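The values are calculated or read from the model by the stated rules, or taken from the named source; none is laboratory data. Source: prediction; values computed, not measured. Quick reminder, even Gly has a Cβ in these numbers, built from the backbone with ideal geometry, and neighbours come from all protein chains shown. Accessible surface areas use protein heavy atoms only, side chains included; no ligands, DNA or RNA. Shrake-Rupley method; radii C 1.70, N 1.55, O 1.52, S 1.80 Å.
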Amino acid sequence: MLSHSAIRHALAAVIAEPAFVVTLDGRYACDNAAFRSRFGLCEDQLHGSEVPGISSHALCSLACARLTVSLAGIANPLNVVVQPLLARNLVIGYCARLEAWPLREAALEEAPSYIQRALDSLPFGLTVWDAGDRLLVANKSIADLYHSHGVTMVPGVNRIETVYAGLKAGLFGAKFTGMAISLEDFASKRWLSRPFISGAATIERLANGLWVKITSHVCENDFIVTYYERIDEPTGNEIKPAATAEYFLSLLRYLPDFVVHIGLDGKPEFINAPFAEALGLDGWETGQALSPEFFADTFGTSLQDMLKKLSVGAPPVSFDQRLRKADNSFVWLRWSAHGLFHGDKPVGIVATGRNITLEYSQQQELKHQSEELAKKNRSLEQFAAVVSHDLKAPLRHISVFADMIVEEAANGNLADVTVYAQQVRSSAQRMDRVIRRLLEYSQIAYKIAAFSRVNLADIAIQAIQNLESQIEEAKAELLLSKLPSINGDPDLMRHLLQNLIANAVKYRRKGVAPRIRIYATDKGAMVNLVVEDNGIGIDPKFADRIFTAFQRLHSDDKIYEGFGIGLALCKQIAESHRGVIELDATYRGGARFVVRLPQNVNLKEQSS
């Protein structure tokens, strides 16, 4: 006789599909759990019942047989495969297994509708997008949600366009409604890329007030599967434990500061979206292979040198860096680097970088202004010393000749009084000219520049017109070449050119008509404005002295009248434009002055 427990164990251990055992005399012996579950039977419910067609009389061979049998308690006949049970080559019973019949063609055709109905019955939303971002499947839950906001989700629609339309339609509340960003700019966002969204999960509040957790996965065939799971409203700082890591990862992704986590091999293990976008990386986190030199190339120091500065419990290391972005623009970043340790052993670095470009620019401007103020103070001290000297000379003359007039008058000797009085008048006139030139110098040299776009050719023509009488008197020839435009103060630039042209006319060779060339050469970001003459020239050893106020190389006013202010003014004007003026010491045909000026000084910055 068959042992029920032995057969039961054998069925459970060996046969996975639904099966039952029949004795030699055609009685139902037992079945496995799969069979009972398939037909809703209880254990031993059919035990001892007759099984027509399966017995030693009906089955004379040891081969398997396919039969159709009817069992008590089961409405429809069953197609089974019957196999003898052998013990020492003796048949002790029969095992009957349900036969797996091929699916009908009609059933195969109906399978997609069954799958769609199964997806539609899910309590959460589900979408599947192919590698070309076209929709393959959207169940009823998510399709109805988008449809309620006027967005159609049918197979073939584009993922980026659909998400964009949903956001603009207010699907996720008012914070995205009416976005000003264009679809083209929206599509360029790196957080829509596959490496970014793989495994990402966010918690959003829908326009209807419900909260959903949206989780996306990228499959091996580059398909995107997204689940929209309804959750309870988060309260306070509560975040479900399963979403905690994803929540904080989301925060790092959208944090405006740059964040990077670098392993000991120098490769980044995580880069947040703003930093990746600044570097022009298509992927993010570990989505793009970067070289081990990434740390050194980005931060200008080796990872090991940085780790030497970090220790357990030590404060972060801070440093400023000028970073070239992917679009070739520059930003200044203030980095704060923290060491990551496992016990005492370093395992990497986390660094955060804050954009301090505006702050840095302000600091640089303040530094420049301080330097300019110090330079002007030194110039004023020098100016005061020179003025003191140049005013004292005529005053001494006036004082001396006044004393002589008093003395001669007291002695009744008036013959020389007229001569002495003329000397007093001459000294007073000289002092008046000095004072007027000092006033002119102070008004021009320390004027606050009002910058605008200046055409140097127009400025040169104005300067020439102002000197028309001197030029005609000297029969000077002027050659004006094409000149560029720069950012500068038009009045100051006219004074600069007027002084240089006037000097070229004044310091001419005896009997030789002045020939003056005005031209410019382009030196990249700088312009060299050149005024060149065929006059008496200047000894190169005086190349610096000539730009000091009231320093004259020719003391005889009868030959070359002047006070030594013109070139000093030119120097002040050039420096106020962040440029310089130099005497070309290599030129031997007269004097050549070169004014080096930046082409594009920031107008707003300079006028402030």
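Quick check: anything in region 531-544 in contact (Cβ under 8 Å) with a residue 60 or more places away in the chain and surrounded by fewer than 20 Cβ atoms within 10 Å (Cβ to Cβ)? Don't jump to the end; show me each part of the working.
Restricting attention to region 531-544, the residues satisfying the condition of being in contact (Cβ under 8 Å) with a residue 60 or more places away in the chain are 531-532.
Within this subset, residues satisfying the condition of being surrounded by fewer than 20 Cβ atoms within 10 Å (Cβ to Cβ) are none.
No, there is no match, as no residue in region 531-544 is in contact (Cβ under 8 Å) with a residue 60 or more places away in the chain and surrounded by fewer than 20 Cβ atoms within 10 Å (Cβ to Cβ).
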| query | Taking region 474-504 as the search range and keeping residues that are basic (Lys, Arg) and more than 17 Å from Asp522 (Cβ to Cβ), which one is least open to solvent (accessible area, probe 1.4 Å)? | reply | Arg494
| message | Against the definition (in contact with an Asp or Glu (Cβ under 8 Å, 6 or more places away or on another chain) and at pLDDT 75 or above), how does Val259 come out, yes or no? | response | no
| request: Please work out which residue is most open to solvent (accessible area, probe 1.4 Å), limiting yourself to region 307-325 and to residues that are modelled with pLDDT of 75 or more and of a type in the set (A, V, I, L, M, F, W, C). | output: Val312
| task | Please find, within region 66-91, the residue that is farthest from the chain's Cα centre (by Cα) out of those that are over 22 Å from Ala33 (Cβ atoms) and buried (at least 16 other Cβ atoms within 10 Å of the Cβ). | result | Pro84
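So is Thr127 part of a strand (DSSP E or B), modelled with pLDDT of 80 or more, under 30 Å from His217 (Cβ atoms) and not aliphatic (A, V, I, L, M) or not?
On the way: part of a strand (DSSP E or B): yes; modelled with pLDDT of 80 or more: yes; under 30 Å from His217 (Cβ atoms): yes; not aliphatic (A, V, I, L, M): yes.
In short, yes.
Considering each of Ile518, Ile444, Ile471, Ile461 in turn, give the residue that is touching a helix residue (DSSP H, G or I) at 6+ places or on another chain (Cβ under 8 Å), at pLDDT 90 or above and within 21 Å of Val594 (Cα to Cα). Walk me through how you get there before you give the answer.
Working: Ile444 fails: at pLDDT 90 or above; Ile471 fails: within 21 Å of Val594 (Cα to Cα); Ile461 fails: touching a helix residue (DSSP H, G or I) at 6+ places or on another chain (Cβ under 8 Å).
Checking each option against the conditions leaves just Ile518.
Is it true that Leu279 is open to solvent by 20 Å² or more (accessible area, probe 1.4 Å), modelled with pLDDT under 65, in the same structural domain as Ala351 (by TED's automatic domain parsing) and closer than 28 Å to Thr215 by Cβ?
Values: open to solvent by 20 Å² or more (accessible area, probe 1.4 Å): yes; modelled with pLDDT under 65: no; in the same structural domain as Ala351 (by TED's automatic domain parsing): yes; closer than 28 Å to Thr215 by Cβ: yes.
So Leu279 does not fit the description; no.
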| message | Go through (1) within 14 Å of Ile74 (Cα to Cα); (2) modelled with pLDDT under 85 for Leu24 and report which single condition fails. | response | (1)
| task | Show the residue pairs that are 6+ apart or on different chains and have beta-carbon atoms under 7 Å apart, the first residue being within region 349-367 and under 23 Å from Gln304 (Cα atoms), the second being open to solvent by 50 Å² or more (accessible area, probe 1.4 Å) and of a type in the set (Ser, Thr, Tyr). | result | none
